[in-house]
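What follows is a set of notes on a single structure, which appears directly below.
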Amino acid sequence: MATQFIDNSHAIRKSTKPYQLLPFFIALVCALTIHPAKAHAQIIGELEADIPFQFYAGTAKLPAGKYVVHMMDNSNLKIMEISSADGSTSALFQVADTRANSAPHTGELIFNKYGDLYFLTSVFDQGNPDGSEVPKSQYEKRVSQAGTEAQKHVPADHRGQQGS
């Protein structure tokens with residue numbers, strides 16, 4: 001009889017072990033949903049900039065002029081569009097999250113400069129250190145091996161605002 005009681009209690013423990021883990025899994029799910037996710041860089045609205053030189057955005061070569069930059073809808077914050085203010089020229093380019101050392105006072109487009117060639121490298125919104133970085137194209141990688149790099153910052157305002 002004692003052996004039967006031990007066998008029965010052992011069988012009950014085996015059947016309840018998975019249920020003992022249920023509170024742990026519930027706590028884990030709650031912790032993961034409450035934990036803040038990493039913020040994604042996002043340009044709110046459209047940034048407008050007057051770019052005084054010919055430049056590359058991704059693989060597209062664009063002439064100097066006024067441009068509007070915005071994040072593409074439904075791109076999971078991974079694709080931006082730059083288009084001339086008159087709508088005659090535009091290009092799509094991939095971006096990744098980046099972070100500046102400090103939040104810029106105005107929105108800005110940052111370009112890598114090699115000789116007289118300019119490549120759009122990042123976009124930051126006013127007051128936000130989180131921005132979007134443009135990966136180097138194969139052409140920029142080749143050019144960067146042959147020349148010294150400098151950076152050029154071009155101020156950008158939200159479309160419809162006057163510059164400060």
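The values are calculated or read from the model by the stated rules, or taken from the named source; none is laboratory data. None of the values given here were measured: they were computed from a predicted structure. All Cβ positions, glycine included, derive from the backbone under ideal geometry; neighbour counts span all protein chains shown.
Annotations for the structure displayed:
- Residue within segment 24-38 that is at pLDDT below 90 and closer than 17 Å to Glu133 by Cβ present: yes
- Every pair of residues 6+ apart whose Cβ atoms lie under 8 Å, when the first sits in segment 85-99 and is touching a residue at least 12 places away in the same chain (Cβ under 8 Å) while the second is of a type in the set (S, T, N, Q): Thr89/Ser83; Ala91/Ser83; Phe93/Thr59; Val95/Ser132; Ala96/Ser132; Asp97/Ser132; Thr98/Ser122; Thr98/Ser132
- Test: residue in segment 70-80 that is touching a residue at least 60 places away in the same chain (Cβ under 8 Å) and surrounded by 14 or more Cβ atoms within 10 Å (Cβ to Cβ): yes
- Strands (runs of 3 or more DSSP E) completely within segment 75-164 that count 3 or more residues being under 23 Å from the mean Cα position of the chain (by Cα) and over 19 Å from Pro52 (Cβ atoms): 79-84, 90-94, 96-99, 130-133
- Here Asn112 clears all of (1) crowded, with 18+ Cβ neighbours inside 10 Å; (2) out of contact with any helix residue (DSSP H, G or I) (no Cβ under 9 Å at 6 or more places or on another chain); (3) of a type outside the set (Val, Ile, Thr) except the condition numbered (2).
- Meets criteria (farther than 15 Å from Gly58 by Cβ, in contact with a Pro (Cβ under 9 Å, 6 or more places away or on another chain) and not hydrophobic (A, V, I, L, M, F, W, C)) for Gly115: no
- Each residue in segment 95-109 was checked for being of a type in the set (A, V, I, L, M), under 15 Å from Asp157 (Cα atoms) and surrounded by 21 or more Cβ atoms within 10 Å (Cβ to Cβ), and 1 pass.
- Single match in Phe124, Phe53 (criterion: farther than 19 Å from His158 by Cα and at pLDDT 90 or above): Phe53
- Test: residue in segment 5-18 that is at pLDDT below 60, in contact with an Asp or Glu (Cβ under 9 Å, 6 or more places away or on another chain) and either closer than 19 Å to Phe124 by Cβ or not acidic (Asp, Glu) (or both): no
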